[in-house]
1. When the residues of the range B:137-146 are narrowed to those that are surrounded by 22 or more Cβ atoms within 10 Å (Cβ to Cβ) and modelled with pLDDT of 80 or more, which ends up farthest from B:Ala381 (Cα to Cα)?
2. Look through the range B:556-569, keep the residues that are in a helix (DSSP H, G or I) and either at pLDDT 90 or above or more than 8 Å from chain A (Cβ to nearest Cβ) (or both), and return whichever of them is nearest to the chain's Cα centre (by Cα).
3. Identify, from the list B:Leu222, B:Leu262, B:Leu232, the residue that is more than 34 Å from the chain's Cα centre (by Cα) and within 26 Å of B:Leu199 (Cβ to Cβ).
4. Of all residues in the range B:232-264, how many are farther than 23 Å from B:Phe423 by Cβ and either of a type outside the set (A, V, I, L, M) or in contact with a Lys or Arg (Cβ under 8 Å, 6 or more places away or on another chain) (or both)?
5. Please indicate, with yes or no, whether at least one residue in the range A:151-160 is aromatic (Phe, Trp, Tyr) and under 19 Å from A:Ile348 (Cα atoms).
6. For the range B:203-215, which positions are open to solvent by less than 20 Å² (accessible area, probe 1.4 Å) and in contact (Cβ under 8 Å) with a residue 40 or more places away in the chain?
7. Identify, please: which residue in the range A:506-547 is among the hydrophobic types (A, V, I, L, M, F, W, C) and facing chain B (nearest Cβ under 8 Å) and is, among those, nearest to B:Asp458 (Cα to Cα)?
Number of protein chains: 2
Amino acid sequence: MMEPLVGSLRERATSSCSCRTLQSWFPVLSWLPHYNLRWLQMDLVAGLTVGLTTVPQALAYAEVAGLPVQVCMCERERYHSDCPIYLVCHLDPSLCVLDPQYGLYSAFMGCFIYCVFGTSKDVTLGPTAIMSLLCASYMGSDPVYAVLLSFLCGSIQAAMAILRLGFLLDFISYPVIKGFTCAAAITIGFGQVKNIFGLKNIPQQFVLQVYYTFHRIPEARLGDVVLGLSCLALLVSLTWMKTDLVSPSPEHPTYVKVAHGLVWGCATIRNVLVVIMASCVAFSFEISNHHYFTLTGQTAKGLPPFKPPAFSETKANGTIIYFKEIVLDLGGGLAVIPLMGLLESIAISKAFGSQNGYRIDTNQELFAIGLTNIMGSFVSAYPVTGSFGRTAVNSQTGVCTPAGGVVTGVIVLLSLAFLMPVFYYIPKASLAAVIICAVAPMADWRAPLQLWRVRKLDLLPFMVTFLVSFWEVQYGIVGGVLVSGAMLLYHMARPHIEVHDHGVLVMDLDSGLNFPATEHLNQVIYSQALHVSPPRCVVLNCHHISSVDCTVVHELKDLLKQFRLRNVSLVFSGLKNSVLEVLLAGDLPGLKYTDSIETALQILSDFHGAFQPTNED
Amino acid sequence: MMEPLVGSLRERATSSCSCRTLQSWFPVLSWLPHYNLRWLQMDLVAGLTVGLTTVPQALAYAEVAGLPVQVCMCERERYHSDCPIYLVCHLDPSLCVLDPQYGLYSAFMGCFIYCVFGTSKDVTLGPTAIMSLLCASYMGSDPVYAVLLSFLCGSIQAAMAILRLGFLLDFISYPVIKGFTCAAAITIGFGQVKNIFGLKNIPQQFVLQVYYTFHRIPEARLGDVVLGLSCLALLVSLTWMKTDLVSPSPEHPTYVKVAHGLVWGCATIRNVLVVIMASCVAFSFEISNHHYFTLTGQTAKGLPPFKPPAFSETKANGTIIYFKEIVLDLGGGLAVIPLMGLLESIAISKAFGSQNGYRIDTNQELFAIGLTNIMGSFVSAYPVTGSFGRTAVNSQTGVCTPAGGVVTGVIVLLSLAFLMPVFYYIPKASLAAVIICAVAPMADWRAPLQLWRVRKLDLLPFMVTFLVSFWEVQYGIVGGVLVSGAMLLYHMARPHIEVHDHGVLVMDLDSGLNFPATEHLNQVIYSQALHVSPPRCVVLNCHHISSVDCTVVHELKDLLKQFRLRNVSLVFSGLKNSVLEVLLAGDLPGLKYTDSIETALQILSDFHGAFQPTNED
């Protein structure tokens, strides 16, 4: 009964290896053979609903990734002093345009690829608020940069998947994720306030943005404000309606069920409804020649061409920016964006996996995202990842398999092919309302309270991530990871050592003994046993030590010598076999070890005679 | 008997606080009041011996820190294409001169300051081979840079001491230190081969140096070769004589004792003897107008002026290099050199402390080195640290207190004041022999064998440090620290989980449970308990867990939900109080915990009735 299970599990794994391997690379093979009509029905409804959410969100996020076309006067010349908005340009190099159709270009490839390679039925890949914000700070909203960034990110992500580096994500702790999402939600949400007010030329850096937005409220356009606030109110009430909706029981009359279905349907596709209604209002004013609203404006029409991404760029003035320069420009983004993309998607798929009772394969998810970004770069997409909001919609509408994504993808393609001229009339304020409502639930104000209650120390990485994110969103997560890593290492370097006096000192290490801890152990032993008069014997209880390294062995050799010099003993008790083997290989002269503390005390009493009297007793 | 000692120790510490605090900042106060004639006698002999070793070593290490004057034709113009040694300059920007007197300028301040602030009786601060090599790669052998580097390093080190950051050194493991010293010994030792051969214009990068040295052996100067090899032979035989020397017993006749004293004395001051003899040979050839040897050449005469370091530099052509530019030029050196200086000195003082049975205070040592470097910059010194060779000589000659350093310092000052003209005739080959013999014992070929025997995995940081050091000596130690840190973290992220089948699964975590490990634990629990049919109950033995964080609590909450969904149980056993408190604060719904595995098994059997049959049995 007691033998470990590892062996038997390994045998079972080997027997079904080839089939499992294929299924693990192409998860579609595990569900497609069982596909049935009920699943198809559910997937169709879910895919449709998600598709109708995707289109307005994708258009809106392109706005986050770039900035209004009116601001762009300086053509990526970072410190161009002739520029009328010199200060703004100087403060923020990314004040250029990314046309809204790039959001849609980015929204369909993930749907198809994830269907074949994804391991979660709920996840929907596409443009997201956080990724758009991150990309904006690196790619300067230049489409060539955006598409190449997508290709490079995808390649890095796919390479990480093939090298099985998914475990790196384990080092991003819960407080860091929470701190980051809270800060990102506030940054993104507030970034849309200017669109609600119809303000232009607002810098992107958070503090400046807050300052200028409030400073210039008097310039707000009444039409945008009224429309934006109405959209917000409508979205919020539809969200509340859905939350409070009670499912009808079978004995309810049909009209109750129909009404319920109608409310549920409207609430679910609320984003589309709001955008359509706002566009209709805007259209009717425009044709009567009243320009009250800031509109999305002209967008490119039709499907994007399928072609490899450009590896160099020729500017309007004829200068060529070569691949190497672009890569240098992207710089740290090539590390931060792939990792953040993974993190966001994995966090989402884990959350929904846990909710719906399935497990995801981190490395396979990584591969799916990587491939999506690589293939996305062939259709002019910028980097994408899993979207929390749309994944939630997908899950709530009861999607059964990743096949729902195919329907979503088709809807996005149809919009691109036939609806682009209509997008001209979408008011920016309505898209802003959609974004604000999508990110608001991410700003979880209970998270810090929870951390405070459970373990106050964990507030430190949370606060570091949260605050630094307002300075530069990508540094927030890096800072948080560094702080939580440093906390881990500090804990490793300063293990708690409990000292009991049994006549001889019994020292109890409460966790492992790795090289950073040796100095601390030494210090405790010296100050309590060797540098007292008379020197005292020590029993080191190694019960909790699961491994030691050469540094520890080297220091212990030294310590044993000091004990010998002072004619006292150091006895190890409760050593695990693996640890004992290392100590024996280390040739420690005078190594004494016993199974239990009692035996150790007995040996010391036999060897050194009566215990020395101590000052403490 | 069982109560922890911490309380009583703290009380005792507080009672003698003020006196101890003063002594801990000025360790001189702890030994000066007890100073006696016997100590004075021993300190005088030791100080004299170390002084006579210091002078030739200091001259020689300035050679390592700079490079022969003949090579310098390009005045710090890094890519000056007119330079006749363009290739060499291009490959190595530090090919300029640091006059040998800078070695002596650096050698005396540490002796005086360490006497007051040091906590080890043996350590001798001054120029060392490794520090000289490191400095060479940053300061480009420009005296202004060298002196400012000393000031900045000292300030950083003193600040670290005041902030009690000495614990950072705990993260440099034994394999990394060994890998670094081996590589540095080979680099420094081989770097002197060109001086033995009398070769000029050899690049400093290790691989190029090996290639060019062998490539240009035909150009070797016979005089230098003969003199260098003779010096080497003499040094090696004197070293061996000292090693094999048997102390005479009191009943031996006086002439045996005198002979023993003579041999011991000659062997101890062998560096001075060899340099003096070589200089005499060179002098006699020079006055007879035979220039067979490469000499040290003209050096500045007299004591260095006492003045603050220059914070900007005016070049010969009138350009001014400002403080900010110099700091940017020094760049990473401002992190690497202070840390390496500390590391070298702390490692040495720990080694001799362990040999002679005393303990050093890391932060106080740090402060002493920092202050030495700051004050050193006022007398044109470059960064110094503890010297292994001279500390060994100091210890072997029986120094009793740091007062021996005062004698050493006075000898260096006397040499500067009166002997500089004589230094003109010191052949470089003899200084090269001194360095080679000083660093040879540091290349410990048994270190990798020992690592292999004790723990093979520790060879990885050793090899990384060793190999990368040949590329750039400062990256070696950084690489090694990163690799050993990554190994620590990996070990933390993938703890060993033993699974036993007692009808229910009993999972045994062999070390702590920190956030990087949660994913792994999840995976094991899912694959062995939740994703099998039927799902199984689990007892998690938390006996070895000393702390948990919010991420762990968050994941456990999720896990408990999964167990509840499947109508099985997860029971924690052997939780420590501190861990239990955190779990309770985390509000885990359905948290069950017991003291022992047996109770847990009993509870599960009562709750779930008979155990489910398992596939494994």
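The values are calculated or read from the model by the stated rules, or taken from the named source; none is laboratory data. Predicted model, so just to flag it, every value in this text is computed and none were measured. Positions of Cβ are backbone-derived with ideal geometry, glycine not excepted, and every protein chain shown enters the neighbour counts. Protein only, heavy atoms only, side chains kept; ligands, DNA and RNA dropped before computing areas. Shrake-Rupley method; radii C 1.70, N 1.55, O 1.52, S 1.80 Å.
1. Top of the filtered list is B:Tyr145.
2. Of the range B:556-569, the ones in a helix (DSSP H, G or I) are B:556-565.
Right, trim to either at pLDDT 90 or above or more than 8 Å from chain A (Cβ to nearest Cβ) (or both) and you get B:556-557, B:559-560, B:563-564.
Working: B:Leu556: 42, B:Lys557: 45, B:Leu559: 46, B:Leu560: 48, B:Phe563: 51, B:Arg564: 54 Å.
Once the filter is applied, the top-ranked residue is B:Leu556.
3. Values: B:Leu262 fails: within 26 Å of B:Leu199 (Cβ to Cβ); B:Leu232 fails: more than 34 Å from the chain's Cα centre (by Cα).
Answer to the check: B:Leu222.
4. Qualifying residue count for the region: 20.
5. Taking the range A:151-160 as the starting set, the residues that turn out to be aromatic (Phe, Trp, Tyr) are A:151.
Going one step further and asking which of them are under 19 Å from A:Ile348 (Cα atoms), we end up with none.
No: the range A:151-160 contains no residue that is aromatic (Phe, Trp, Tyr) and under 19 Å from A:Ile348 (Cα atoms).
6. Of the residues in the range B:203-215, the ones open to solvent by less than 20 Å² (accessible area, probe 1.4 Å) are B:203, B:209, B:213.
B:Pro203 - this is the single residue of the range B:203-215 that is open to solvent by less than 20 Å² (accessible area, probe 1.4 Å) and in contact (Cβ under 8 Å) with a residue 40 or more places away in the chain.
7. From the range A:506-547, those among the hydrophobic types (A, V, I, L, M, F, W, C) are A:506-507, A:509, A:513, A:515, A:517, A:521, A:524-525, A:529-530, A:532, A:537-540, A:542, A:545; that's our starting set.
Still in the running and facing chain B (nearest Cβ under 8 Å): A:515, A:517.
Details: A:Phe515: 11, A:Ala517: 16 Å.
Filtering first and then ranking leaves A:Phe515.
Residue-by-condition table, conditions (1) in contact with a Pro (Cβ under 6 Å, 6 or more places away or on another chain); (2) at pLDDT 85 or above; (3) within 30 Å of B:Leu40 (Cβ to Cβ):
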site: B:Pro304; (1), (2), (3): no, yes, yes
site: B:Ile321; (1), (2), (3): no, no, no
site: B:Glu325; (1), (2), (3): no, no, no
site: B:Gly331; (1), (2), (3): no, no, no
site: B:Leu339; (1), (2), (3): no, yes, no
site: B:Gly357; (1), (2), (3): no, no, yes
site: B:Gly389; (1), (2), (3): no, no, yes
site: B:Thr397; (1), (2), (3): no, no, yes
